[in-house]
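The values are calculated or read from the model by the stated rules, or taken from the named source; none is laboratory data. It should be emphasised that the depicted structure is a prediction, and the values quoted were computed from it without experimental measurement. Every residue, glycine as well, gets a Cβ built from its backbone with ideal geometry; the counts of neighbours run over all protein chains shown.
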């Protein structure tokens, strides 16, 4: 009789322990951040500025300054349209642009990584960032995007990262499957950036 009681008690204990472990795992999973949480957070913010990039377009087929200026102006128009204001002192969101216009062999064929060290003053900063970059950009040491997919390098494409300034985490990474055509490139660039924002909003 005692053996049966002990057996039933052990069985009861194991079942309760299994239920407890299941509940704990489920609660941990539901509270973990997700990509949807990141996008929701991004949409709740209202100010932005830029992290200047170290990318320059090497190919002489393209005008580096003109293309980057066009990208920045189109992003600004989309940010204003979606209720964001420029704040160079304490922006909610930092925008980092990867303009990829060179042939893969001329640069590299690597993905745009979600983890990379940021660069201190001394590297080239284009004039198109003069009025829009985060004043303390050089304090950003590392940017992380644990829930952001890597994007393989693709010639004549643009990748835009939206970063939480407080956590240095990429909230959302935008790009499209299209390739920017060389003809009427100004219009092509604007349409490409507009398409990225359509995916977000």
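Spot the failing condition for residue 74; the list is (1) closer than 18 Å to residue 46 by Cβ; (2) out of contact with any strand residue (DSSP E or B) (no Cβ under 6 Å at 6 or more places or on another chain); (3) touching a residue at least 60 places away in the same chain (Cβ under 8 Å), and only one is missed.
(1)
Given the residues 179, 114, which is the only one that is in contact with a strand residue (DSSP E or B) (Cβ under 8 Å, 6 or more places away or on another chain) and crowded, with 16+ Cβ neighbours inside 10 Å? Before you say what the answer is, go through the steps one by one.
Working: 179 fails: crowded, with 16+ Cβ neighbours inside 10 Å.
One residue alone meets the criteria, 114.
Which helices (runs of 4 or more DSSP H) sit wholly inside the range 1-89 and have at least 2 residues that are within 31 Å of the chain's Cα centre (by Cα), more than 30 Å from residue 196 (Cβ to Cβ) and at pLDDT below 95? Walk me through how you get there before you give the answer.
Details: elements: 2-31, 35-44, 64-81.
Per the criteria, 2-31.
Taking the stated definitions as given, is residue 144 surrounded by fewer than 17 Cβ atoms within 10 Å (Cβ to Cβ), out of contact with any helix residue (DSSP H, G or I) (no Cβ under 7 Å at 6 or more places or on another chain) and closer than 15 Å to residue 50 by Cβ? Explain how you work it out, then say what you get.
Details: surrounded by fewer than 17 Cβ atoms within 10 Å (Cβ to Cβ): yes; out of contact with any helix residue (DSSP H, G or I) (no Cβ under 7 Å at 6 or more places or on another chain): yes; closer than 15 Å to residue 50 by Cβ: no.
When the stated conditions are applied, residue 144 does not pass them.
Being at negative phi and in contact with a helix residue (DSSP H, G or I) (Cβ under 9 Å, 6 or more places away or on another chain) is true for just one of 182, 104. Which residue is that?
Details: 104 fails: in contact with a helix residue (DSSP H, G or I) (Cβ under 9 Å, 6 or more places away or on another chain).
Within the list 182, 104, the selection yields 182.
Among the listed residues 125, 160, which satisfies the condition of being within 17 Å of residue 56 (Cα to Cα), modelled with pLDDT of 95 or more and either touching a strand residue (DSSP E or B) at 6+ places or on another chain (Cβ under 9 Å) or not assigned by TED's automatic domain parsing to the domain that holds residue 96 (or both)?
On the way: 125 fails: modelled with pLDDT of 95 or more.
The unique qualifying residue is 160.
Quick one: which of 173, 166 is surrounded by fewer than 18 Cβ atoms within 10 Å (Cβ to Cβ) and modelled with pLDDT of 90 or more? Quick ask: steps written out before the conclusion?
On the way: 173 fails: surrounded by fewer than 18 Cβ atoms within 10 Å (Cβ to Cβ).
Of 173, 166, the one residue that is surrounded by fewer than 18 Cβ atoms within 10 Å (Cβ to Cβ) and modelled with pLDDT of 90 or more is 166.
Taking the range 147-179 as the region of interest, how many residues are touching a helix residue (DSSP H, G or I) at 6+ places or on another chain (Cβ under 7 Å) and without any contact (Cβ under 8 Å) to a residue 60 or more places away in the chain?
6
What tally of residues in the range 122-140 results from selecting those that are assigned to a helix (DSSP H, G or I) and exposed (fewer than 14 other Cβ atoms within 10 Å of the Cβ)?
Taking the range 122-140 and keeping what is assigned to a helix (DSSP H, G or I), we get 127-129, 137-139.
In the following step, the residues that additionally are exposed (fewer than 14 other Cβ atoms within 10 Å of the Cβ) were identified as 127, 139.
The total comes to 2.
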